[in-house]
1. Helix B:145-162 versus the longest principal axis of chain B: what angle, 0 to 90°, nearest 10, using Cα atoms?
2. Straight-line reach from residue A:89: which lysines have a Cα under 16 Å away, not including same-chain ones fewer than 8 places off?
3. Can you list which of the chymotrypsin sites (Phe, Trp or Tyr not before Pro) found in the range B:232-284 are DSSP loop residues with at most 15 other C-beta atoms within 10 Å?
4. Output wanted: per-residue J couplings in Hz (rounded whole) for the range B:188-200, from phi through Karplus 6.51 cos²θ - 1.76 cosθ + 1.60, θ = phi - 60°, x for Gly and Pro.
5. I'd like the Kirkwood hydrodynamic radius of the protein assembly as shown, using the inverse of the mean 1/r over distinct C-alpha pairs, in Å.
6. Give me the inter-chain shielding for A:30-41: mean count of other chain Cβ atoms within 10 Å, whole number please.
7. Quick one: Cα centre-to-centre distance for the range A:132-158 and the range B:570-619, in angstrom?
8. What list of ³J(HN,Hα) couplings, whole Hz, do you get for the range B:213-229 from phi and the Karplus terms 6.51, -1.76, 1.60, once you set θ to phi - 60° and write x for glycine and proline?
Amino acid sequence: MAPATVSDSVPIETAHEDMIHDAQLDYYGKRLATCSSDRTVKVFDVVEGEAQKTTSGHTLKGHTGPVWQVAWAHPKFGHILASCSYDGKVLIWKEQQGQGWTKVGEHTLHTASVNSVSWAPHELGAMLACASSDGKISVLTFKDDGSWNADIFNGHAIGCNAVSWAPAVIPGSLITPQSQSQPTVPSQGSAPNQSNSVKRFASAGCDNLVKIWGYREDSQSWVEEETLEGHTDWVRDVAWAPNIGLPRSYIATASQDKTVLIWTKENATAPWTKAALDPSSALASPVAGATMATAVANAPAGKFPDVVWRVSWSLAGNLLAVSCGDGKVTLWKENLKGTWECVSDMNS
Amino acid sequence: MGAQNINLLPPLVESGQFEQLVQSGQTISATTSPYDNSLAVFLSPTTVSGSNSNSDREEPVYFASYDVVPSSERRLFIADTQVIFSMFHGMLESAKSREPSWIQTPEALELMRKFSVDYVNFIKECWIHASQPMPRTDGPLQFSADHYRSLYSCFSLFVVLYLPEPGYEDAPVGEDLMEWLNIHFIEPSTEEGDHLSSLDRPWEDEEFWPYLKRVTLRGLTKASLFFFNTLLQHPSEDLQDLVRTIIPVVESQPRLQNFSAERDFAFASRKWKDKVKAIRIEMDRVPEESRFDDFENWWDSLSDIVGILEGRNPVIQRVCEELGADWKEVCSAWGIFVDSRLRRQDLVDVAAEVLEIMPADPTNLEDMIHSALFSGKPEQALRYASQLDAWLSAHFADVMEPLGLLETDENSESELSKRDEYVLSYAEYLHSDPTQWKITIAYMYSCGDIGRERGDEILVRVPLRLHPSEAPSTPEEAIAQAVKEVSEVCFNYQREAVRRTVCRIAAQTCVRQKDYGLAVSYCISAEDWVSLGRVIDSILDEYVHNGAAEFAKQASKIAPSVQELQSRTVSEAIFVHRLIFAVRYSQIHKYKLEQDFVSAASDIVTLLREEIAPKSWWPVLLCDSVELLQYGSTLLFASSDAAELLSKLEEISIRASQGSGDDYLSVLTRTIKGGGEKEALERLKVVRLALARYFARCTIGSDRHALST
């Protein structure tokens, strides 16, 4: 196969009036939601990797500041989007038959910009975690009638930048057949596999820390379970990898300190260990652009040429996309020796 | 592993303006797509102030695939070879029910050989198809004919070396190797032969001796005999004499396939070698000065040929080098001339010796795969194969593992066996084409827990054609068809949890489309009682929002589900209860529409007395009874039934006065536009009045009854 691949596609013209901060594909990858500094959220249908030309998309208006992030709920809850903004609000949007997209909820408990929203794995029910510059994290638990309970607690001093949920099923315990072994208790709501599932997420903060939060059923509260120390500047993004069939858990974090750390936990009781992605390994690229080569050459080992803004896992959790401030997206895979290699380098 | 470089087309940023982009506080961001192996890529600011409103820009989002999506002939190739893959796995599955040693039996090996030969034949077909100059309706070839030729040569070599016919594992391999070489690397060319045979004195052509050497080396007896015969016209009598001796020797070279016992073959080969020695002795008698013709030293060339027949290794090697032949030819000729009894297990040493002097071409992956296979290094062959084509490494590894060629131990880091590693990597590539999900998961589900986990993620996302534009028929039919298809696959691979998730999503979609019948049956199928409850609430909401007629229509669709549920033992009785209520309540409205007021009245009482109706629906039922209480001349309720209605009415009034009105009045309240609890209670007063009148009528009525009896 050719070493340099050209990805030819018809771009979706979002017609946002300002820069896009986030774009998220829905569960099936059939719809694209984008949000922008122009204070709107837009939704497009995607057919075969291209925007449907017949529809210009829907524009969702309601925020009064730049919209930082959007998140799709699992389709078993319906077509639902959450968005968060500089205006300190989290809005919940729902597409209803015949009515299009309407705002069905407004979460206003934060006192500063809300930087990140993330839906819990569907097995846990409709739950949304939000991270704010006010230093707090909130978790909304939706009820059948669309109302919600909110838990809000201090997360990171100075501010929280991102949240990401752990898979609902603890790695290694997923082989248990769901049907026969656990009779479900209807009153406990929509989590059919309660004893196996876990409510847990990671947050990234301006205190250079990554924190792991777990829900305690006995005290009905969120507890800080672990703190991951390793970054030397703001942690910009955190992404908990989906289960990949191993007893191991992975978290990727991206930071202002120009590093991406991969945190690995061998099993439920083991400690988290960290490893930095090493972009200098990407130099093996036969046609790596001169910019990349020189930039990397100037950066110390284990460091990216610029701030790393985003990390995103593929569906199977075996591929990590890293967006760096140097204008490149790199794709990473863990090789058989357990080291992370850059497998692809995407140029704008 | 070198990183792959992907460029966007059209470019997001014009070349040369990249630095400008970064300096203006922007970079590209990407988010992975669950649909296929692609990323959605867009420009985003790196600083909050980096956003600069620019009305010229469209702020586009690109989709960039990190795999080359299979198209045209490649799709066909993938789909058809998967059929062989599935049959092969069917065989391996059935092996699990046998003795563990069965896989090593001739019967099993015969089957594995058969499937591998199927692969070879199929690749060959594809190569021929790709080679034909013809208009291609499904677009230009994605992979060249030469690519399929490479796959063909590699897979057939694998079969020759590692999957001999059962019972022939220890047979000499030389002839098989030479046959493989002659099929895949045709030398000398037919054109050369045609040219030379058209000449009167072909030996005068400079290509004559090289040609004759090559056909000798390749064991192409027919061609070599033809040209030896032309030499009978050569001016040198010495040469003529020698050729007269050589022809019968070449003609009589023993071929393994003509012998039933290897012992006989070995004996014949030894005797034949003696005859070759005799030629050498005869040659040496030719005086030095007679060894030339007008063009060259024919004796030297003939000596090379005799050297080949004698099996002189240095001669074969030198001749090959002169002819531009490579190590493969030396190894194959070795098995014919140097050691005609060369075994597969000894080939490794021969290959090592030859490759030491004539190494494989490191720039040619096909050659590297061949050399690894010759050298008995299957894992190395896999590594090169994975660079040539993920298809090849996956299918190699899939056959190699049951043959015991690969370590089956899982890698401690990835916890994947070698086989699973290569098969999964192929499956991941297949995911670049989501329409091939069935093929993708077939490979994934053959790869243990990790593969199952990945396959599940794909299976739960098989589009249910939720958007009307994608549906070939009505949305309901489309969903039903898609769910059925996925359910079947789930059943085949025993992915019950996946099936349930898919049913849950389908149920939610059906509710949106008000297809409650289907929604209920999906909830039941998923044994998702919580969602079932929610669907029933939606149906009951129809009553609140759209009135009795619409409600009755919708609820009638779920009636068949009640029977289905009652026929199974379900612990979630509460939801069944609610379902029964919805159905029976709709039945009341149906009775009313059909003017069967007796049945309607009787059912209202039953629903209340047996507490099938939830408390919040009691007031609604009571309001419904008003019409019946006031019905014409006939008394529809027995007085005990009327008393039941009254007692429920009392309970509601008392509880409402105690502050629990919400438990009872919420539904009725919602049916009154702009109304609250007060209005609801007002409405219940009408019921109370109707009941009072009814009791009055009962008193008179009972007199009438008494009179008539």
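1. 80
2. List returned: A:61, A:103, A:136.
3. Details: sites: B:259, B:265, B:267, B:272; in loops: B:259.
Listed in order of number, the matching sites are B:259.
4. x, 6, 4, 4, 4, x, 4, 4, 5, 6, 7, 8, 6
5. Numbers: mean 1/r = 0.0290 Å⁻¹.
The answer is 34.5 Å.
6. Values: counts 10, 3, 6, 0, 5, 0, 4, 8, 3, 0, 0, 0.
Other-chain Cβ atoms within 10 Å of each residue's Cβ, averaged: 3.
7. A separation of 41 Å, based on Cα centres.
8. 4, 5, 5, 5, 4, 7, x, 8, 4, 4, 5, 5, 4, 4, 7, 4, 4
Laboratory data are not the source of any read-out in this text; all were calculated from the coordinates shown. None of the values given here were measured: they were computed from a predicted structure. Note that we place each Cβ from the backbone using ideal geometry, even for glycine, and neighbour counts take in every protein chain shown.
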